[in-house]
1. I'd like to verify a number: residues in region 16-30 that are of a type in the set (Gly, Ala, Ser) and without any contact (Cβ under 8 Å) to a residue 60 or more places away in the chain, how many?
2. Would you confirm, using the coordinates I've provided, whether Ala29 is of a type in the set (A, V, I, L, M, F, W, C), within 22 Å of Glu14 (Cβ to Cβ), in contact with a strand residue (DSSP E or B) (Cβ under 8 Å, 6 or more places away or on another chain) and crowded, with 18+ Cβ neighbours inside 10 Å?
3. Could you check region 1-48 and list, in sequence order, the residues that are among the basic types (Lys, Arg) and under 16 Å from Trp110 (Cα atoms)?
4. Which number in (1) at pLDDT below 90; (2) under 17 Å from the mean Cα position of the chain (by Cα); (3) more than 30 Å from Ser48 (Cα to Cα); (4) of a type outside the set (S, T, N, Q) marks the one condition that Phe200 misses?
5. Assess whether Glu75 counts as being among the acidic types (Asp, Glu), crowded, with 16+ Cβ neighbours inside 10 Å and closer than 26 Å to Lys191 by Cα.
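The values are calculated or read from the model by the stated rules, or taken from the named source; none is laboratory data. Since the model is a prediction, treat every value here as computed from it, not as a measurement. Backbone-built Cβ (ideal geometry, glycine too); neighbour counts: all protein chains shown.
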Amino acid sequence: MGFKERIEAARIFENELFYEMNNLGFEVAKNGAEHTCQEFTKFIMPSSDQTSLAIRFAPDGVAAIGKTPRSFYVEAKYASNIEKTAYEQYMKLASVGNIVVLVFGGYGDWMWQVIERVTLIDGDETVSSFPENMRYPVIDGWITPRKADDEHYKERKHNNGGFSGTPYREVYYSSLLDWRIFKCDMLSILKRDYINLGRFFNSDVEQSELF
């Protein structure tokens with residue numbers, strides 16, 4: 001599957017995911033300039049300041065559930081890998097108390113996990129299984145195609161219809177959870193987060209009324 005075909009497959013998966021989440025009782029909305037203003041996203045594509053990166057790599061959607069709604073970010077990922085900059089931005093969101101959920105659709109069955117529990121495979125382990133002409137450099141555990149020989153990279157980009165070449169790592173399948181337990185586990189996570197953040201229930205609001 002070429003780069004453009006993967007982009008289209010990812011778009012279809014995202015729509016299917018949000019539809020399914022709605023069926024499970026979640027309120028879902030698309031998120032970020034990528035969905036609301038693509039021209040702006042293209043304009044800041046070369047930028048590497050933190051604000052621009054946060055805009056460019058905002059999760060695909062936001063979701064909420066409950067009588068007293070609790071919210072979280074959701075990222076639809078058709079691929080079994082994750083780009084370095086995207087991972088860093090999701091972790092920054094999580095580091096200040098946001099819940100960020102990744103849902104993977106490229107494994108056949110859907111799988112999911114909160115970002116902090118997604119385990120990444122070291123790039124050296126991944127490239128060791130590649131043919132010799134595809135063994136890109138690895139920097140700090142991240143596979144970095146653009147650091148490869150120029151002709152090698154150009155050929156790979158040409159053959160894959162727009163291969164991006166950004167640093168990435170594969171995801172350990174064993175660190176992910178079955179989609180069938182998504183709603184049950186998310187309700188538990190949201191209830192626990194409510195308490196852990198110190199937002200204790202008012203005298204007139206019982207925990208059972210949240211969901």
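1. To start, the set of residues in region 16-30 that are of a type in the set (Gly, Ala, Ser) comprises 25, 29.
If we keep only those that are without any contact (Cβ under 8 Å) to a residue 60 or more places away in the chain as well, we get 29.
Residues meeting the conditions: 1.
2. On the way: of a type in the set (A, V, I, L, M, F, W, C): yes; within 22 Å of Glu14 (Cβ to Cβ): yes; in contact with a strand residue (DSSP E or B) (Cβ under 8 Å, 6 or more places away or on another chain): yes; crowded, with 18+ Cβ neighbours inside 10 Å: no.
It is false that Ala29 is of a type in the set (A, V, I, L, M, F, W, C), within 22 Å of Glu14 (Cβ to Cβ), in contact with a strand residue (DSSP E or B) (Cβ under 8 Å, 6 or more places away or on another chain) and crowded, with 18+ Cβ neighbours inside 10 Å.
3. Here is the first cut: in region 1-48, the ones among the basic types (Lys, Arg) are 4, 6, 11, 30, 42.
Residue satisfying the conditions is Arg11 alone.
4. (2)
5. Against the criterion (among the acidic types (Asp, Glu), crowded, with 16+ Cβ neighbours inside 10 Å and closer than 26 Å to Lys191 by Cα), Glu75 qualifies.
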